[in-house]
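Structure record follows, encoded as structure tokens.
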Amino acid sequence: MAENDSYQTPSATPDNYNSNDNTETAGWHSPTQGGLTTPIAPEGGIPAYPGNMNGSGNNNDGISLPIAPEGGIPAYPGDMNNSGNGDYGISLPIAPEGGIPAYPGNTCDSCITCPNCPTFPIFPSIPSNPVIPRYGQVRFINASTNNFPVNFSIDGTAYASNSQFSNVSHYQEISDGFHTVSVKRTTGMQALLLQQTFPFIAGQKVTMVLMDAREGGLEMIQITDTGCNNLPTGYGCYRVANVSYSGSSFDVRMYNGDTVFRNVSFSQVTSYKRALAGNYTFYLTNTNFYGAIRELPVIIIGAITGTSPISRPLATGNVTIQAGQNTTTYIMGNTWSAYSLRMVTVYD
């Protein structure tokens with residue numbers, strides 16, 4: 001320090017300050033920052049300093065960071081943090097609700113590694129064309145005691161030909177809706193014997209039975225073969241249909257006298273009953289009208305509850321019940337024609 005130099009505390013007023021016109025002719029001197037006072041940046045703006053604001057990373061010259069626009073990032077020249085020594089106290093911007101902040105470069109190449117990537121639920125695919133059944137099944141049984149064969153057709157299409165008494169056709173497809181069934185003689189003039197319209201339902205099996213009418217001639221009934229599901233293991237289902245002659249009524253019994261079906265009248269079809277799988281012999285008798293007689297709720301081989309063995313049945317039927325299978329016995333024929341009373345069993 002020079003001899004005549006002496007340290008003077010810098011004043012807080014500018015040099016060459018003119019008190020008369022309140023004007024300043026020189027810059028401000030700061031007592032703490034090398035004679036400089038930090039200028040005030042425009043509202044929301046950034047002070048314009050030459051060069052790198054923090055090249056050394058050792059001080060920040062007392063500078064307070066400007067406030068960035070709402071939700072934005074302060075725009076500093078160069079790399080915001082190329083030295084890795086400081087981040088200027090910057091907080092990451094808040095992304096729009098549910099969104100991802102947009103930083104330079106690709107910040108989310110794969111949503112597998114990006115914690116902020118949205119996730120979307122995966123729904124099972126639905127078939128565009130679900131399979132809907134459009135067809136049912138139909139078969140024909142000839143229970144008529146006429147001594148000539150017949151042909152069965154639906155809407156002019158043949159379904160069974162040259163059918164005689166007790167013949168059973170195979171199931172065939174039939175489209176859903178109303179169809180006209182025709183019965184014609186197979187021989188001679190092939191005269192039309194019967195024509196009638198019936199409804200057929202998709203997914204349902206039916207049996208069309210031709211039988212002797214009450215008033216003479218022929219009639220046809222439709223029997224539904226779909227039913228008796230959810231059977232216990234080892235059980236099948238069994239029922240009886242009376243398609244013999246007008247005014248008839250029968251009981252179906254076991255040898256020990258137990259009644260399986262009681263008072264089955266003409267054109268009646270009983271409900272299915274559960275039956276333990278096995279071989280059975282059923283006996284057809286005239287209906288016993290005693291009120292004390294009850295039907296067996298479940299058909300089981302060897303179950304002995306009756307006390308009156310069958311001595312002279314009208315007809316006998318040997319039936320094999322298969323597990324999971326529906327079975328029907330058709331009572332047909334009469335006592336005065338060439339076709340005697342009988343029990344014909346088929347699987348539904």
Practice task
Looking only at the stretch 191-201, decide whether some residue is open to solvent by 80 Å² or more (accessible area, probe 1.4 Å), modelled with pLDDT under 95, in contact with a strand residue (DSSP E or B) (Cβ under 7 Å, 6 or more places away or on another chain) and not in a loop (DSSP other than H, G, I, E, B).
Solution key: yes
Problem - Top-ranked residue in the stretch 141-190 [being at positive phi and not in a strand (DSSP E or B); ranked as surrounded by the most Cβ atoms within 10 Å (Cβ to Cβ)] - result: S166
Problem - Boolean, T233 is closer than 26 Å to A202 by Cα, open to solvent by 50 Å² or more (accessible area, probe 1.4 Å) and modelled with pLDDT of 90 or more - result: no
Problem - Residues located in the stretch 322-338, provided they are farther than 20 Å from G257 by Cβ and either polar (S, T, N, Q) or touching a Ser or Thr at 6+ places or on another chain (Cβ under 6 Å) (or both) - result: Q322, Q325, N326, T327, T328, M332, G333, N334, T335, S337
Problem - Residue count for the stretch 261-276, restricted to those that are open to solvent by less than 40 Å² (accessible area, probe 1.4 Å) and either touching a Gly at 6+ places or on another chain (Cβ under 8 Å) or under 19 Å from G234 (Cα atoms) (or both) - result: 3
Completion exercise
Picked from the stretch 324-348 (must be in contact with a Leu (Cβ under 9 Å, 6 or more places away or on another chain) and open to solvent by 50 Å² or more (accessible area, probe 1.4 Å)), the residue nearest to T285 (Cα to Cα) is R342
Exercise for the section: Kindly indicate whether G227 is at positive phi and either of a type in the set (A, V, I, L, M, F, W, C) or more than 42 Å from the chain's Cα centre (by Cα) (or both). Expected result: no
Problem - Sole exception among (1) open to solvent by 60 Å² or more (accessible area, probe 1.4 Å); (2) among the aromatic types (F, W, Y); (3) more than 37 Å from the chain's Cα centre (by Cα) for Y135, by number - result: (3)
Practice task
Tell me which residues, restricted to the stretch 202-241, are in contact with a Lys or Arg (Cβ under 9 Å, 6 or more places away or on another chain) and among the charged types (D, E, K, R).
Solution key: K205, D225, R239
Problem - Some residue of the stretch 307-317 being farther than 25 Å from F140 by Cα, open to solvent by less than 60 Å² (accessible area, probe 1.4 Å) and either modelled with pLDDT under 95 or in contact with a helix residue (DSSP H, G or I) (Cβ under 6 Å, 6 or more places away or on another chain) (or both) - result: yes
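The values are calculated or read from the model by the stated rules, or taken from the named source; none is laboratory data. From a predicted model like this one, the values you see are computed outputs, not experimental measurements. Glycine gets a Cβ as well: all are built from the backbone with ideal geometry, and neighbour counts include every protein chain shown. Surface accessibility is based on the protein's heavy atoms, side chains included, excluding ligands, DNA and RNA. Shrake-Rupley method; radii C 1.70, N 1.55, O 1.52, S 1.80 Å.
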